[in-house]
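Some notes on the structure that comes next.
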Amino acid sequence: MLSIAMIRFATIYVVILGVSLFTGRSAATPPDLHVPTDWRIENTPYPPPWAKTLPWKGTLQLRFPPGFFMPEHDFSWSYPIMYVLQGNVLKSVSDLKLALKTYDAGLYGDQFPITKIKVTVIRKNRFPGPKPIHILFDGFDPFTTKKELRTHMVIYRRFDERTQRTILLILRSRRPPDPNDPVWKSLLKFPADIGF
């Protein structure tokens, strides 16, 4: 006769197997950012080629809306980027600042030195923690305007004990975070999609 513990285990196993078969993903598969209609996809290894000095390893998922490269468009410089990194990393604000500055400085090339990039924590919640932090990032637009650029970042972080991965989701925009702003309404759909 089967014990209650064995029945519970079998039930849990069947549910997990069913979810995996239904979604086509194993329990250890990292989340994917959804792709809204007409948005561009970029999935790359981390660190990217322009920031090879960064010590963390994993992948990046970026989603670029129409208008991202148009300076006058509402969605200019507005996008989500998700880091899926090996281990329990980017646990401190200082590590986060290093990652952000090094990544962007690499994009800028010789157009804007890393020493001129300013990263200011506007709202510092317990990090890591369930609530996002808000960062003001004073950098540069190497793509279109070739001028200094201020963006806002709302950053979510969690460490998954089971997979030993850190998930970092950054919502970035020229526009200040505002849940009633049309751009932020689009960006704020991403956290729930990956379990934040």
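The values are calculated or read from the model by the stated rules, or taken from the named source; none is laboratory data. Just so it is clear, the structure is predicted and the values come from calculations on it, not from any experiment. Cβ placement follows ideal geometry from the backbone for every residue including glycine, while neighbour counts extend to all protein chains displayed.
If I ask for residues that are surrounded by fewer than 19 Cβ atoms within 10 Å (Cβ to Cβ) and at pLDDT 95 or above, which ones from the range 120-138 would you list? Listed by number, the residues that qualify are T120, L136, D138.
With respect to G109, is the statement that it is more than 20 Å from T59 (Cα to Cα) and touching a Ser or Thr at 6+ places or on another chain (Cβ under 8 Å) true? So G109 does not fit the description; no. All but one of (1) closer than 23 Å to D193 by Cβ; (2) surrounded by 14 or more Cβ atoms within 10 Å (Cβ to Cβ) hold for L54; which doesn't? Looking at each condition in turn, L54 falls short on (1).
Matching residues to (1) at pLDDT 90 or above; (2) out of contact with any Leu (no Cβ under 9 Å at 6 or more places or on another chain); (3) of a type in the set (S, T, N, Q); (4) part of a helix (DSSP H, G or I):
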{"position": "R25", "(1), (2), (3), (4)": "no, yes, no, no"}
{"position": "D38", "(1), (2), (3), (4)": "yes, yes, no, no"}
{"position": "L62", "(1), (2), (3), (4)": "yes, no, no, no"}
{"position": "P66", "(1), (2), (3), (4)": "yes, yes, no, no"}
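When W77, W56 are checked against the criterion of being in a loop (DSSP other than H, G, I, E, B), of a type outside the set (S, T, Y), under 30 Å from N180 (Cβ atoms) and under 17 Å from the mean Cα position of the chain (by Cα), W77 stands alone in meeting it.
Within the range 80-90, restricting attention to residues that are part of a loop (DSSP other than H, G, I, E, B) and touching a helix residue (DSSP H, G or I) at 6+ places or on another chain (Cβ under 8 Å), which residue is surrounded by the most Cβ atoms within 10 Å (Cβ to Cβ)? Before the answer, list the steps.
As a first pass, look at the range 80-90 and keep what is part of a loop (DSSP other than H, G, I, E, B): 87-90.
Right, trim to touching a helix residue (DSSP H, G or I) at 6+ places or on another chain (Cβ under 8 Å) and you get 89-90.
Numbers: V89: 19, L90: 23.
Applying the filter and picking the extreme gives L90.
If only residues of the range 129-181 that are polar (S, T, N, Q) and more than 23 Å from E72 (Cβ to Cβ) are counted, the one that is nearest to the chain's Cα centre (by Cα) is T166. Every condition in (1) surrounded by fewer than 17 Cβ atoms within 10 Å (Cβ to Cβ); (2) out of contact with any helix residue (DSSP H, G or I) (no Cβ under 9 Å at 6 or more places or on another chain); (3) within 18 Å of W50 (Cβ to Cβ) holds for P113 except the one numbered (2). Entry remark, the range 135-188: residues being in a strand (DSSP E or B) and in contact (Cβ under 8 Å) with a residue 40 or more places away in the chain number 16 in total.
Mind listing whichever residues of the range 91-122 are among the polar types (S, T, N, Q) and more than 20 Å from the chain's Cα centre (by Cα)? Explain how you work it out, then say what you get.
Quick first cut of the range 91-122, residues among the polar types (S, T, N, Q) only: 92, 94, 102, 111, 115, 120.
Residues satisfying the conditions are Q111, T115.
The residues in the range 91-115 that are at pLDDT 95 or above and assigned to a loop (DSSP other than H, G, I, E, B) can be counted, and the count is 2.
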